[in-house]
1. How much length is gained if the chain between residue 278 and residue 186 is pulled fully straight, taking 0.36 nm per residue apart and subtracting their Cα-Cα distance, in nm to one decimal?
2. Of 50, 98, 41, how do they rank once you tally other Cβ atoms within 10 Å and put the fewest first?
3. For the range 292-362, place one equal point scatterer on every Cα, skip the solvent, and apply the Debye formula. What is log10 of I(q)/I(0) at q = 0.21, 0.23 Å⁻¹?
4. In whole Å, what are the extents of the range 242-362 along the principal axes defined by its C-alpha atoms, from largest to smallest?
5. Computed FRET efficiency, Cβ-Cβ of residue 269 and residue 95, R0 45 Å: what is it to the nearest 0.05?
6. Using bins 10 angstrom wide from zero, how does P(r) for the range 126-229 break down, in % of all Cα pairs?
7. With 18 Å as the cut-off, how large is the P(r) tail for the range 27-170, expressed as percent of Cα-Cα pairs?
8. Would you mind calculating the gained length between residue 74 and residue 148 on full extension (0.36 nm times residue separation, minus the Cα-Cα distance), in nm to one decimal?
């Protein structure tokens, strides 16, 4: 069985540009992503989280967590736990956040078996999450935080709904909290998928996971599962026909329009695809990204329904027409996660993490 993303670590430093021609809309200038000063790291780093254009965190596979208060111009290491592989991050506000550990028996030198942690002091200290049945959750690859308005005793309040799902290589499980992380429920999805790589919920009931049909990569098809009852039941919204494939990450710039990346590891396969939905995840359409065997997709982030980016082993690709055409853009190698922070009107700040951390001000 081939490992899903271990073998691309060495490719992370390779840059884009193999003589491939791309189309770009007339008059559209390339996005100017800027590398931020961070501690050098050998390999792909997996996630970052921002609660404002200036305040954010990123972590890596060595169990190191960093914080910035000035949009990434400078970072401070605020926590370190050797043996923990920081695979996913999700912060609710400046004090409350969640950290997903990929878990043992997949990557070397990972000894921490606790899948999920919580902080109440901005990441300085962390406490392992406890939940009935949590022993079946071997690791986390994606954290999603949704906010939903509710009426409580005649007052309008905001409910914070947290989902943490994983993992690469299996098993397929999820942790769910509808009270901001105070209590948790374990959801077992092993009957529906072999692994889960990302999760997105719009509210307490409606959500999606990026997955694969099998934990055995040779037999795996990319898979997207959908629920409309808070994870009680699941239906297949999309399944690819190609083996050696999984659905890696997803991005929704609006409630109805979303995109997801597909990773393919089949020898001899060169065409890369993404998938797009225009009905909130009920149905998905494949779109070509690039025909290049050196490219393997990771993160995806869209700032509008038309404009977005895909991170790959070689660097990034940008579209300004909803995925119909793509152009290479330097935004760092092996970008696993792209986070968009909106600043009012059309202004935004985007962050991309892979071998390095990059920022785009738009």
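1. Values: separation 92, 0.36 × 92 = 33.12 nm, distance 3.00 nm.
Fully extending the segment from residue 278 to residue 186 adds 30.1 nm.
2. Details: 50 21, 98 26, 41 18.
Going from sparsest to densest Cβ surroundings: 41, 50, 98.
3. -0.83, -0.98
4. Principal-axis extents of the range 242-362 (Cα, largest first): 45, 34, 20 Å.
5. Computed FRET efficiency for residue 269 and residue 95: 0.50.
6. Each 10 Å bin holds this share of Cα pairs: 16, 45, 28, 9, 2, 0.
7. Percentage above 18 Å: 59.
8. 23.3 nm
Every read-out reported here was derived from the displayed coordinates using simple, explicitly stated rules and does not represent laboratory data. Predicted model, so just to flag it, every value in this text is computed and none were measured. With ideal geometry, Cβ positions are generated from the backbone for all residues, glycine too; neighbour counts draw on all protein chains shown.
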